[in-house]
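Data first, discussion second: the structure below is written as structure tokens.
The values are calculated or read from the model by the stated rules, or taken from the named source; none is laboratory data. In this text, all values refer to a predicted model and were calculated from it rather than measured experimentally. A quick note on method: Cβ atoms are made from the backbone with ideal geometry, for glycine too, and the neighbour counts reach across all protein chains shown.
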Amino acid sequence: MVTGGSGLVGSALRHISGLELKHQYVFASSRDCDLTDYDSTLRYLREVAPGAVIHLAAAVGGLFKNMRRKADMFETNVRINMNVLRACHELGVAKVVSCLSTCIFPDEKTKTGQINETMLHAGPPHASNEGYAYAKRMLEVQSRCYREQHGRNYVCVIPTNIYGPHDNFHLDDAHVIPALIHKCYLAKQQGVPLVVAGSGAPLRQFIYSRDLALLLIWTLEHYDATNGDDPSTCAAGSLILSVDPADEISIAQVVRHIADAIGFDNDIVYDTAQADGQPKKTADNAKFKRLYGTESPFAFTSICRGIQETVQWFVQNYQDARK
Ligand code: NAP
Ligand code: GFB
């Protein structure tokens, strides 16, 4: 069962699940079950009776939504996560793969060098997303407690910023790539400059949703909490999924890729009165590469091609896209 099956990552899993015959998939959205309610969650999971769960459901948003709605992001996510893991345990679900995010790492650690799985709780997160960040940290703690007390194989993946078809393209709540694709599309139509929030200097690693979907299935099949880390640490059972640190790019470079993909040639203006958020959050993916194997390393989609495909999807599905 895939919770959050109708979202950006859930839709990417749905897209590739047709190619993957080992598992039968049930994709759940909030229309199937409101996971903030425990009784509904238990009832729905009992109905589906999954052997494993990929837990993606969450209240999600970009920098500006996180800054505006800290309490909502904290409470909704804590409720969803508490209910899903508790119901999975209650019904004997053997494996759960839950989704964290690299924005939850200690902000101080992001300022010097790279972040890795051992650092998850080593200091406060960036203030801009502390509501969401602490809720996600508690999902790691809850997974670890179920491993220790009940021997459950409940693990967490930690992706960087994700983008792709079926994303949320809301002008204010969305992440940078979908927000700017929508803004650039409108600016081209209206013949006006594109206004980008912030300085354009922050650095990010972006993973294409369909790449992440493939890696989620790999994690389901090949990653367990017993993979070599000290079981009592947060590193055991947590795995960063990301492109290499060398593929980190600036927001200004992202803007360039989006403008090229949309064929936008008007002015681009940076509104430095708006927040930049974290200057960088460079994720170390060495653990993933070691476990995945170096013989045939995973071939990530280039940001240029990923943005082209996402723009194409957005233009073709403008009427129905979330926005
Ligand atoms: P998304 O597109 O916003 O989709 C969220 C999903 O959660 C939707 O399927 C939504 O269902 C479901 N959901 C929300 N509230 C629910 C509720 N109360 N009950 C049941 N289902 C509910 O999110 P995403 O970008 O695919 O994110 C997937 C996971 O990756 C999340 O755990 C997120 O924290 C994590 N993540 C995302 C990013 C990123 O850049 N997007 C980066 C790192 C980690 P409806 O469609 O019915 O609303
Ligand atoms: O993707 P984004 O919202 O998330 O913003 P974060 C990334 C950067 O893009 C920031 C700049 O430096 C923004 O200033 N930016 C420029 C824009 N124009 C825009 C725009 O129109 N919309 C947005 N949203 N950004 C998030 C966390 O941080 O990372 C979330 O707050 C989540 O919780 C996500 O984890 C993956 O990378 O700054």
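Of the residues making up region 125-141, those that are more than 12 Å from ligand 1 (Cβ to nearest atom), among the aliphatic types (A, V, I, L, M) and more than 18 Å from Asp276 (Cα to Cα) number 2.
Do we have any residue at all in region 246-254 that's surrounded by fewer than 19 Cβ atoms within 10 Å (Cβ to Cβ) and more than 18 Å from Tyr270 (Cβ to Cβ)? Yes: one or more hits.
Scanning region 1-15 for residues that are surrounded by fewer than 21 Cβ atoms within 10 Å (Cβ to Cβ) and within 6 Å of ligand 1 (Cβ to nearest atom) yields a single hit, Ser6. Go through region 252-273 and report how many residues are within 16 Å of ligand 1 (Cβ to nearest atom) and in contact with a helix residue (DSSP H, G or I) (Cβ under 6 Å, 6 or more places away or on another chain). The number of residues fulfilling the criteria is 1.
Criterion applied to Gly263, Gly293 was being surrounded by fewer than 14 Cβ atoms within 10 Å (Cβ to Cβ), of a type outside the set (Ser, Thr, Tyr) and touching a residue at least 60 places away in the same chain (Cβ under 8 Å), and the one residue passing it is Gly263. Does any residue of region 87-106 turn out to be under 21 Å from Phe206 (Cβ atoms) and away from ligand 1 (no atom under 16 Å from the Cβ)? Checked region 87-106: no residue is under 21 Å from Phe206 (Cβ atoms) and away from ligand 1 (no atom under 16 Å from the Cβ). Looking at Arg79, Arg43, Arg69, just one residue is of a type in the set (D, E, K, R), over 24 Å from Lys281 (Cα atoms) and either within 15 Å of ligand 2 (Cβ to nearest atom) or surrounded by 16 or more Cβ atoms within 10 Å (Cβ to Cβ) (or both), and that residue is Arg79. Checked against the criterion of being touching a Lys or Arg at 6+ places or on another chain (Cβ under 8 Å), among the acidic types (Asp, Glu) and touching a residue at least 12 places away in the same chain (Cβ under 8 Å), region 100-113 has no qualifying residue.
Evaluate the following for Val93: is it more than 22 Å from Thr160 (Cβ to Cβ), in contact with a Gly (Cβ under 8 Å, 6 or more places away or on another chain) and part of a loop (DSSP other than H, G, I, E, B)? Judged against the criteria, Val93 is a match. Checked against (1) assigned to a helix (DSSP H, G or I); (2) away from ligand 1 (no atom under 13 Å from the Cβ), Asp72 passes all but a single condition, namely (2). The C-beta contact set for region 43-67 (first residue farther than 30 Å from Gln274 by Cα, second residue among the β-branched types (Val, Ile, Thr) and within 16 Å of ligand 2 (Cβ to nearest atom), distance under 9 angstrom, 6+ apart or interchain) comprises Ile54/Val9; His55/Ile80. Being in contact (Cβ under 8 Å) with a residue 24 or more places away in the chain, of a type in the set (Lys, Arg) and more than 16 Å from ligand 2 (Cβ to nearest atom), is that true of even one residue in region 152-164? Yes, region 152-164 contains a residue that is in contact (Cβ under 8 Å) with a residue 24 or more places away in the chain, of a type in the set (Lys, Arg) and more than 16 Å from ligand 2 (Cβ to nearest atom).
Within region 221-230, is even one residue on the phi > 0 side of the Ramachandran plot and without any contact (Cβ under 8 Å) to a residue 60 or more places away in the chain? Spell out the reasoning first.
Going residue by residue through region 221-230, those that are on the phi > 0 side of the Ramachandran plot are 228.
Remaining after also requiring without any contact (Cβ under 8 Å) to a residue 60 or more places away in the chain: 228.
Looking for residues that are on the phi > 0 side of the Ramachandran plot and without any contact (Cβ under 8 Å) to a residue 60 or more places away in the chain, one finds at least one in region 221-230, hence yes.
Only residues that are within 23 Å of Val243 (Cβ to Cβ) and away from ligand 1 (no atom under 13 Å from the Cβ) were counted across region 142-161, and they come to 1.
State yes or no: is Phe74 in contact with a Gly (Cβ under 7 Å, 6 or more places away or on another chain) and more than 16 Å from ligand 2 (Cβ to nearest atom)? When the stated conditions are applied, Phe74 does not pass them.
Among the residues of region 101-124, the one identified as within 9 Å of ligand 2 (Cβ to nearest atom) and either outside any helix (DSSP H, G or I) or modelled with pLDDT under 95 (or both) is Ser101.
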